[in-house]
Amino acid sequence: MRRERKEAKQAIDAARAAEAEVRRMAKRSPKGSRARSRLESAVRFAEAEMTLARAGRRDSPVLAARRAERAAARLDRAASRFGPRAGAASRRDRKRVVGGDAAARSKARAELLKRRRKQAEQARKMAKKVAALTIGQAIVVPNDRNAADDAAAGGAGRGTGVGRRSGGPGPTTG
């Protein structure tokens, strides 16, 4: 009985971690979007399940662990369907969470959700960096028209043209 209570507590803690990850995912989604509302709905369901699981842990620890695991599974499904990378799963994500007890499965799901959220954040950061770099290039390059023309002509804008095969004058400035 004591071991079952401990497993139930671990399952509940892992499901709470999964709930926190999905809440963070929902926060990152645009306000008013379908994905955000679905993720928030899954979080509300998980909160209700967790409340019931915590209340029933002393009386029926096996049922409490099962409730926590079911809440974690529902959060996992919601995150994979409506999360930032919906449908795009890595090889590690495709493995089913099976075996072990409810606590182990809940913990594995929480780690999976955390990994998905981190991947989505990395993609978002990369997109911001690319956008900033593109804007920077768009601002700098058009102003220096001669340098752009020289680069297109194959010259590096060295000035005099010394060492060129053509022997002609260097790039014009003006």
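Taking ALA138, is it surrounded by 12 or more Cβ atoms within 10 Å (Cβ to Cβ) and either at pLDDT below 80 or in contact with a strand residue (DSSP E or B) (Cβ under 9 Å, 6 or more places away or on another chain) (or both)?
No; evaluated as a whole, the condition is false for this residue.
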Just a yes or no: is a residue in segment 12-22 open to solvent by 90 Å² or more (accessible area, probe 1.4 Å) and either in contact with a Pro (Cβ under 9 Å, 6 or more places away or on another chain) or of a type outside the set (Lys, Arg) (or both)? no
Name the single residue that is farthest from the chain's Cα centre (by Cα) among those in segment 46-58 being touching a residue at least 40 places away in the same chain (Cβ under 8 Å) and open to solvent by 60 Å² or more (accessible area, probe 1.4 Å). ARG58
Do we find a residue being among the small types (Gly, Ala, Ser), closer than 16 Å to GLU111 by Cα and without any contact (Cβ under 8 Å) to a residue 12 or more places away in the chain anywhere in segment 5-21? yes
Do we find a residue being at pLDDT below 85 and under 15 Å from ALA17 (Cα atoms) anywhere in segment 84-103? yes
Tally up the residues in segment 28-45 that are assigned to a helix (DSSP H, G or I) and either open to solvent by less than 80 Å² (accessible area, probe 1.4 Å) or modelled with pLDDT of 85 or more (or both), please. 12
Residues being without any contact (Cβ under 8 Å) to a residue 40 or more places away in the chain and either closer than 27 Å to ALA64 by Cα or within 13 Å of the chain's Cα centre (by Cα) (or both) - total across segment 109-134: 10
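The values are calculated or read from the model by the stated rules, or taken from the named source; none is laboratory data. All values reported here derive from a predicted model rather than from experimental measurement. Neighbour counts are summed over all protein chains in view; Cβ atoms, including those assigned to glycine, are modelled from backbone coordinates with ideal geometry. To get the accessible areas, we keep the full protein, side chains included, count just its heavy atoms, and leave off ligands, DNA and RNA. Shrake-Rupley method; radii C 1.70, N 1.55, O 1.52, S 1.80 Å.
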